[in-house]
Amino acid sequence: MTTTLTGRPAAPGAALALAFALADAPGADQPLPESRQGDVDTEVARLDAALATAGEQLTALAERVAESAGEEEAEIFEAHAEFAEDPELRDQAVEAIGGGLSAERAIVVAFGAFRELLAASASEYLAARAEDLDDVRDRVVALLQGRSVEVEAPTVRSVVLARELTPSRTASLPRELIAALVTETGSPTSHAAILARSLGIPAVVACEGVLAAVETAGDGVEVVVDGRSGEVVIAPDDHLRAEVADRIDAEAARREALGELRDEPGQTGDGHRVELAANLGDPGDLEAAIAAGAEGSGLVRTEFLFQDRTDEPSVDDQVGFYLEVLRAFPGQRVVFRTMDIGADKPLAFVARDPEENPALGLRGIRLHLARPELFRDQLRALVRAHRAAADEDAGRLAVMFPLVAVPSELLAARTLLAAAAEDEGVSLDGVEVGVMVEVPSAAVGARRFAEHVDFLSIGTNDLLQYLFAVDRLNGAVADLADVCDPVALGLIGRVIADGHAGGAWVGICGEAASDPVVAAALVGLGADELSMTRVAIPEVKDVLRSLELERCQRAVHIAMEEGADGREVRALLEEHLGLG
Amino acid sequence: MPERTVNLPNPSGLHARPAKVFAKAAKAAPGAVTVSKDGREVNAASVLSVLTLDCHQGDAITIKVEGEDADATLDELVALVESGMGEDA
């Protein structure tokens, strides 16, 4: 029987494939037998069998991940396999069995002892391993109880369904086998949704009841996912299957057509230039961003260089990465945002006090200025990369400071940048400096910043979060922070006008620019550059090239004037742009 | 029972891949191998135990080998550590 459910659209595209339900982390809620039933030898034999199977499964998983996602991502599962095969872990469990415990309880105790030692460590690396131990423990316990744990990865192309998907869980799935992602919880701005968009996988989130519906339908059921409407159809009839198959073919043909735009510049139909750049998170994105036709980068998130490290990266390491990115975009601009780090993204090598409200705490430029050592090293590395790139056909360096709230922060950061350049004997000629506009005070006061910078870049994700007082990871309220809300678009329009009045160009970086309708509205408001997830570039480029500048301007002004809320504004935009 | 103290030359110390490489070598050795730091001694064949020592670049660790071919095994393990265990030392 066909069942239709509707969740929230999170990544565009259509899919038709077998359902693959990803179980919750196993072993969490079942009571374990406390004491051993049989003799010691029998119980130890059970334990050994479970440990050996866990090791084999994890090794196989590591191999699959290595093939689908690369060696680096496989390493975590290689480590998991080592943990399952650890002799000391086994010895401790065997001892506990000798003391009368069941194999289940004994292995939980043994894992617990190591977990405590690792979790107590000051090192972030070891604390993260403590969580890995929980994963392995749950697998061994499930094996002891005869429950299936081989749920991590489908073996054929499937629609993957789960209650929730953490980023690491999503990353461990073999990408080429995921036709679409559907989760029962989450919001379009949760990490899994962002990851799905960056991988080009259709996704629907907050689709309640989908797991139960798939379970009722039984094994081998097919699922249709529409990542644009949010519709999920379980056991589709032949008519719908044929229709979706056609739609998937049409999308593939469209992707191919879009691919031909790769080397064309971003501009409106009447030739008004709008740079379409990519947001970059790590070096792995570079090649794909170029393939998508990115015109440089409007946001390189440099903090990834510092995260997940037990020690501070050297200046030379940093120079190497910055140069790699600059070289990838000859003749184009690359905007490096200095590390955006706060108490919610702690670094193992920077000791700091916990904060009750890290989103409003000592982060971004505030941390740079409070603890300038790391910041100085980063600035030094950036100017060195600039010097090295100057003799080559490489990209142009631009530096952007995050979370600036008042002009004095900008001026202090500029002073440090100038000092770093002087120390290194490098001229800053040709280096653009800008501010990321994401704090409402910087947006409202944009005019006060514009005269001190070459550019302003509006970080819509955080600006909307702070403007509407909405935690964008909280699905219950995330809808409120709508870029199409007339207040949000009005503020963005004023920032752009204020920037231009002060002689700065104004770009947009953030998820908002990746939606073609919103992108056209932003161009209508005067944005000079749009930086977005690379996956969205071809579509946005195509749409902009079909629209005249004046039409974008008219559409956005009518929509802001007549629309009472984000939904109405969007509908008006679609109508007046002739999209949707 | 032969033992020797070495300073860890490689960037991640006895963490991540080097910890695995080291424990694997100790596991493959014919004798029993222990490693200690700051007086805490653990089974070197257990990567979990090795991790709990939380050894960083520059830390001094003491490797002890017992049993068959102890001297040769010790030489090999010390050479492995000094080579950086797969990382640039």
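The values are calculated or read from the model by the stated rules, or taken from the named source; none is laboratory data. All values derive from a computational prediction rather than experimental measurement. Glycine gets a Cβ as well: all are built from the backbone with ideal geometry, and neighbour counts include every protein chain shown. Surface accessibility is based on the protein's heavy atoms, side chains included, excluding ligands, DNA and RNA. Shrake-Rupley method; radii C 1.70, N 1.55, O 1.52, S 1.80 Å.
Assorted remarks:
- Some residue of region A:5-24 being assigned to a helix (DSSP H, G or I), closer than 18 Å to residue A:174 by Cβ and modelled with pLDDT under 90: no
- Qualifying position, being among the aliphatic types (A, V, I, L, M), open to solvent by 10 Å² or more (accessible area, probe 1.4 Å) and at pLDDT below 95, among A:481, A:501: A:481
- Selection within region A:564-577 - closer than 14 Å to residue A:524 by Cβ and open to solvent by less than 10 Å² (accessible area, probe 1.4 Å): A:569, A:573, A:577
Conditions tested, residue by residue: (1) of a type in the set (Val, Ile, Thr); (2) surrounded by fewer than 16 Cβ atoms within 10 Å (Cβ to Cβ); (3) within 13 Å of residue A:509 (Cβ to Cβ).
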site: A:408; (1), (2), (3): no, yes, no
site: A:428; (1), (2), (3): no, no, no
site: A:431; (1), (2), (3): yes, no, no
site: A:455; (1), (2), (3): no, no, yes
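- All positions within region A:41-62 that are touching a helix residue (DSSP H, G or I) at 6+ places or on another chain (Cβ under 7 Å) and either at positive phi or of a type in the set (Val, Ile, Thr) (or both): A:44, A:53, A:59
- The set of residues in region A:25-39 that are at pLDDT 75 or above and exposed (fewer than 15 other Cβ atoms within 10 Å of the Cβ) comprises A:31, A:33, A:34, A:35, A:37, A:38, A:39.
- If you go through region A:466-505 and keep only what is more than 21 Å from residue A:524 (Cα to Cα) and outside any loop (DSSP other than H, G, I, E, B), you end up with A:466, A:467, A:478, A:479, A:480.
- Flag for residue B:87 being out of contact with any Ser or Thr (no Cβ under 8 Å at 6 or more places or on another chain), within 28 Å of residue A:314 (Cα to Cα) and either surrounded by fewer than 21 Cβ atoms within 10 Å (Cβ to Cβ) or among the charged types (D, E, K, R) (or both): no
- Subset of region B:1-27 (residues that are out of contact with any Gly (no Cβ under 9 Å at 6 or more places or on another chain), of a type outside the set (Lys, Arg) and either buried (at least 22 other Cβ atoms within 10 Å of the Cβ) or within 12 Å of chain A (Cβ to nearest Cβ) (or both)): B:12, B:14, B:15, B:16, B:22, B:23, B:26
- Residue list for region B:30-55, restricted to those being open to solvent by 40 Å² or more (accessible area, probe 1.4 Å) and facing another protein chain (nearest Cβ under 7 Å): B:43
- Of residues in region A:139-161 being assigned to a loop (DSSP other than H, G, I, E, B), within 17 Å of residue A:53 (Cα to Cα) and at pLDDT 80 or above, the one most open to solvent (accessible area, probe 1.4 Å): A:146
- Look at (1) out of contact with any Ser or Thr (no Cβ under 6 Å at 6 or more places or on another chain); (2) assigned to a helix (DSSP H, G or I) and you find that residue A:117 fails only one, number (1).
- Subset of region A:539-560 that is surrounded by fewer than 22 Cβ atoms within 10 Å (Cβ to Cβ) and touching a residue at least 60 places away in the same chain (Cβ under 8 Å) - its residue that is nearest to the chain's Cα centre (by Cα): A:539
- One residue from A:535, A:517 being in a helix (DSSP H, G or I), in the same structural domain as residue A:446 (by TED's automatic domain parsing) and at pLDDT below 95: A:535
- Candidates B:12, B:83, filtered to the one that is under 17 Å from residue A:118 (Cα atoms) and not acidic (Asp, Glu): B:12
- Residue A:205 vs. criteria at pLDDT 95 or above and either outside the structural domain of residue A:396 (by TED's automatic domain parsing) or open to solvent by 10 Å² or more (accessible area, probe 1.4 Å) (or both): no
- Hey, residue A:103 of a type in the set (A, V, I, L, M), surrounded by 14 or more Cβ atoms within 10 Å (Cβ to Cβ), under 27 Å from residue B:14 (Cα atoms) and more than 10 Å from chain B (Cβ to nearest Cβ) or not: no
- Residue satisfying all of: in region A:50-79; buried (at least 17 other Cβ atoms within 10 Å of the Cβ) and within 11 Å of another protein chain (Cβ to nearest Cβ); modelled with the lowest pLDDT among these: A:76
- Remark: pairs (first residue in region A:291-316, within 14 Å of chain B (Cβ to nearest Cβ) and open to solvent by less than 10 Å² (accessible area, probe 1.4 Å); second residue at pLDDT below 85 and in a helix (DSSP H, G or I); Cβ separation under 6 Å; 6+ apart in sequence or on different chains) = A:313/A:305.
- Applying a threshold of 9 Å to beta carbon distances and a minimum spacing of six or more residues, or different chains, the list of pairs starting in region B:52-78 at a residue that is in contact (Cβ under 8 Å) with a residue 12 or more places away in the chain and among the basic types (Lys, Arg) and ending at one that is open to solvent by less than 40 Å² (accessible area, probe 1.4 Å) and not in a helix (DSSP H, G or I) reads B:64/B:2; B:64/B:33; B:64/B:34; B:64/B:35; B:64/B:36; B:64/B:44.
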